[in-house]
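Working notes, structure below.
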Amino acid sequence: MICLEFRFPGGRFHASPWARHINEGAVEWPPSPWRLCRALIATGFNRLGWSSPDAIPVEARGLFDKLASALPAFELPPASAAHTRHYMPKEKGEGTELIFDTFAHVGREAVLRVFWPVELDAAETALLRELLQSMPYLGRAESLVEATLAEGLDCGAAPANCRPWSDVDTSERQRCERVEMLAPMVPRDFSDWRSGMLKALQARKESEARAKAEKKGKQPTAKAWAKEQAKIAADCSRTLPADLAAALCQSSTEINSAGWNEPPGTRRVAYARPSDALNATDGDKSSARLPQQRRPTTLLLALTSDSRHGDCLPLLKDAVLRADALHKAFVDKATKRGPVSPTLTGMTPDQSDVRRDHHRHLHILPLVLNTQTPPDRPALARVDHLLLHAEEGFDEATLQVVRHTRRTWAKDLPDLFLTIALAGTRDDFHGELDALRPSRIWTSVTPFVPPRFLKRRGANNLRGQLLAEIRDRLLPAPVSIEVELDTADEAHRWLTLDSDESADAFWRRWRGMSESIDARLSMRWRNFRLERPNAQRHPCVAMGFGLRLCFAEPVPGPLALGYGAHFGLGFFEASDK
């Protein structure tokens, strides 16, 4: 057995799994056996002077055949998933496109060890050592690497924590997640695969040639057909890599242009990876800043759209639809793993009844951090982050569900890819978000939708329903509740609900009985989607209102009230105005 050691001077490993777009937010961790072999052979071409697949030394072919014949095990250092965003010139046409670069943050002192159960002769060992010492990076070019062949290490007692799925027993599988990676085919299997592919390809090409001749009304002679068959055989042979080393030499561009769904000469292998392999809790290594002793209550998810739609992020007006789709994805994934946590559903553990938990379970709230919200048309703002908050805290099962939900979609809307940008408690955000910092004044980001039918007066008028919502969240009563009016005059923009007269004034405006056009309720919220996509959960009032709440003392966020409050409606942000 040999041991390869990799250190990352930049503290990062950048690589996307095969067939996954960079904007999907997926990172290949650990690096697949196929990637490791390709990195070694690329180093031979770039640093050792190999000129073509035919010029690869004999000892190199023996080395790669041996590496392909067995699957390695890995000792993974603590790591966390992180990402950067930057704009790159488009390949065709003018302009730029947003690139969402996810990577594994491992730290500069971390060591990734790869234990390969193969025996090498002296020449192969010397070549492998030279290749590793000459390797400039692993994965993308940003992943600077220092690679060595470990000396004096007892590989027989390898502390591997990521091994092939078939080598892991049932009890250990329950503590791991199954990940698929690419590995080179075993040399014998590659020969059989190539022979079969060559026969199938020749048969298809010959059939096409016969059909073409028949269409022209020509019947080739035996001699001409034999010549055509020889030409087809030669063309097909050039299409397929001659051996495993030649297959490893093919670039991604060559693989894609040839129409391969997966690189020729590869196989899919399953590995058992620790469930927390990309969720390190060390503050120096984790960009997610997960606390070690406390259950996190707040997660910030960064959003990107798929490459087909460019950077088309969802509109704020569709927040409830997006939140509902993400919640459904969470619940579906949790159901496959076992009992669904009440933190996700707000239901009792047996899912038979609603918990009376003062809304301490999951909220999915929209944030607009990187763009300006149009003041007169908030519905057109683009949501670039989602705030997940559960006052009771996220248990480990729920955290695993969130971490492994990489994509969400909704009907007639582009797919979205998710990455945890920050995680912790409310205090860990240090006032970075207006939705979380304590404030006396809170104004609507999305419209408030009454949870019950509106009455003109009494407990079910607008003020009464708001006070009931606030009490249910164990918050102090506000000193004033104001409804936004449709006027440019800032001095008369808000109608204070503090008496029966003001309740009557609101009622007249809501029922369209106001004589003054300037005195009507604000129309800024008319384009928002006001219901979840479920026929059994329609709101009692199909209208949303913009509000401003003023408290005597600062109240911490996030604050969401009314129908759909756990799905982005009735969401407020701290305001100094």
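Bear in mind that the values in this text are calculations on the coordinates, not laboratory data. Predicted model, so just to flag it, every value in this text is computed and none were measured. FYI the Cβ positions are ideal-geometry reconstructions off the backbone, even for glycines, and counts take in every protein chain you see.
Among I2, N460, L386, which residue has its Cα furthest toward the positive end of the charge dipole of the chain, with +1 on Lys/Arg Cβ and -1 on Asp/Glu Cβ?
The one lying farthest along the dipole's positive direction is N460.
Can you give the net charge of the other residues whose Cβ lies under 11 Å from the Cβ of E5, counting K and R as +1 and D and E as -1?
Working: positive: R7, R113; negative: E75, E146, E151.
Overall, the nearby charge balance is -1.
With +1 on the Cβ of every Lys and Arg and -1 on the Cβ of every Asp and Glu, and nothing else charged, how large is the dipole of the range 437-577 about its Cα centre, in debye rounded to the nearest 20? Present the calculation step by step, with values, prior to reporting the outcome.
Numbers: 21 positive and 17 negative charges, 118 e Å.
I would put it at about 560 debye.
Quick one: length gained pulling Y87 to S191 fully straight, 0.36 nm per residue minus the C-alpha distance? List each step's numbers first, then the result.
Numbers: separation 104, 0.36 × 104 = 37.44 nm, distance 4.38 nm.
Between Y87 and S191, full extension yields an extra 33.1 nm.
How do 112-123, 488-499 rank on mean C-beta neighbours within 10 Å, highest first? Walk me through the numbers before you get to the answer.
Working: 112-123: 16.7, 488-499: 12.8.
Averaged packing, sorted descending, gives the order 112-123, 488-499.
Could you check the simple spin-label distance between A242 and T405, using points 7 Å along Cα→Cβ, in nm with one decimal?
The two pseudo-label positions are separated by 5.3 nm.
Could you list the residues of the range 462-489 with an amide nitrogen less than 16 Å from a label point located 7 Å from the Cα of C540 in the Cα-to-C-beta direction?
Counting only backbone N, you get 462-472.
Grab the beta carbon distance between A55 and D395, set R0 = 60 Å, and tell me the FRET efficiency rounded to 0.05.
Details: r = 57 Å, r/R0 = 0.95.
Taking R0 as 60 Å, the efficiency between A55 and D395 is 0.55.
So how far, in whole Å, is the C-alpha centre of the range 450-508 from the one of the range 230-259?
Between the Cα centre of the range 450-508 and that of the range 230-259, the gap is 71 Å.
Which of the listed residues, W225, C249, S191, is farthest toward the dipole's positive end in the range 188-257, when Lys, Arg count +1 and Asp, Glu count -1 at the beta-carbon?
Going by the charge dipole, the pick is W225.
Based only on Cα atoms, what mean projected area does the convex hull of the chain have, in nm²? Walk me through the numbers before you get to the answer.
Numbers: hull surface 143.5 nm².
Its average projected convex-hull area is 35.9 nm².
So what is the 222 nm mean residue ellipticity for the chain from helices alone, if each DSSP H run of at least 4 adds -39500 (n - 2.57) and you divide by all residues, rounding to the nearest 500 deg cm²/dmol?
Numbers: 13 runs with 155 residues, N = 577.
Dividing the helical sum by the residues of the chain leaves -8500 deg cm²/dmol.
Below 12 angstrom from the Cβ of A122, what's the summed charge of the other residues (Lys, Arg +1; Asp, Glu -1)? Walk me through the numbers on the way to the answer.
Working: positive: R129; negative: E59, E119, D121, E124.
Residues close to A122 contribute a combined charge of -3.
Tell me the net charge near P438. Cut-off is 15 Å between Cβ atoms, P438 excluded, with +1 for each Lys or Arg and -1 for each Asp or Glu. Show your work: numbers first, answer last.
On the way: positive: R426, R437, R440, R473; negative: E391, D427, D428, E432, D434, E553, E573, D576.
Net charge in that neighbourhood comes out at -4.
Work out how much length D167 to T148 would gain on full extension: take 0.36 nm times their residue separation and subtract the Cα-Cα distance, in nm to one decimal.
Numbers: separation 19, 0.36 × 19 = 6.84 nm, distance 2.61 nm.
Extra length from D167 to T148 when fully extended: 4.2 nm.
Which FRET efficiency value, to the nearest 0.05, is calculated for Q229 and L48 with the Förster distance at 45 angstrom and r the Cβ-Cβ distance? Can you show the working numbers first?
Numbers: r = 40 Å, r/R0 = 0.89.
Calculated transfer efficiency: 0.65.
Using a simple charge model, +1 on the beta-carbon of Lys and Arg, -1 on the beta-carbon of Asp and Glu, nothing else, what dipole does the range 188-257 show about its Cα centre, in debye to the nearest 20?
Numbers: 14 positive and 9 negative charges, 106 e Å.
Roughly 500 debye for the range 188-257.
With the cut-off at 32 Å, tell me which of the pairs K90/K205; K66/K199; K90/K317 have Cα atoms farther apart than that.
Working: K90/K205 37 Å; K66/K199 27 Å; K90/K317 29 Å.
The pairs that break the limit, which is 32 Å between Cα atoms, are K90/K205.
How large is the dipole of the chain about the Cα centre if only Lys and Arg carry +1 and Asp and Glu carry -1, each at its Cβ, rounded to the nearest 20 debye? Show your work: numbers first, answer last.
Numbers: 78 positive and 75 negative charges, 415 e Å.
Approximately 2000 debye in magnitude.
Mind checking which aspartates and glutamates have their Cα closer than 13 Å to the Cα of K231? Skip sequence neighbours fewer than 8 apart in that chain.
Result set, ordered by chain and number: E206.
Could you check the spin-label model distance between D486 and L369? Points 7 Å from the Cα along Cα→Cβ, value in nm.
Between D486 and L369, the simple spin-label model gives 3.5 nm.
Based on the Cβ-Cβ distance from E501 to D332, what FRET efficiency comes out when R0 is 51 Å, to the nearest 0.05? Spell out each step's value before the answer.
Numbers: r = 50 Å, r/R0 = 0.98.
Rounded to the nearest 0.05, the efficiency is 0.50.
Which order do the peptides 558-564, 417-423 take when ranked by the mean count of other beta-carbon atoms within 10 Å per residue, highest first? Can you show the working numbers first?
Numbers: 558-564: 25.1, 417-423: 22.1.
Packing order, densest peptide first, comes out as 558-564, 417-423.
Ranked from highest to lowest mean number of other Cβ atoms within 10 Å per residue, what is the order of the peptides 248-260, 216-228?
Details: 248-260: 13.2, 216-228: 10.3.
Final packing ranking: 248-260, 216-228.
Lys/Arg Cβ at +1, Asp/Glu Cβ at -1, dipole of the chain taken about the Cα centre: which of H404, G564, S275 is farthest positive-ward?
G564
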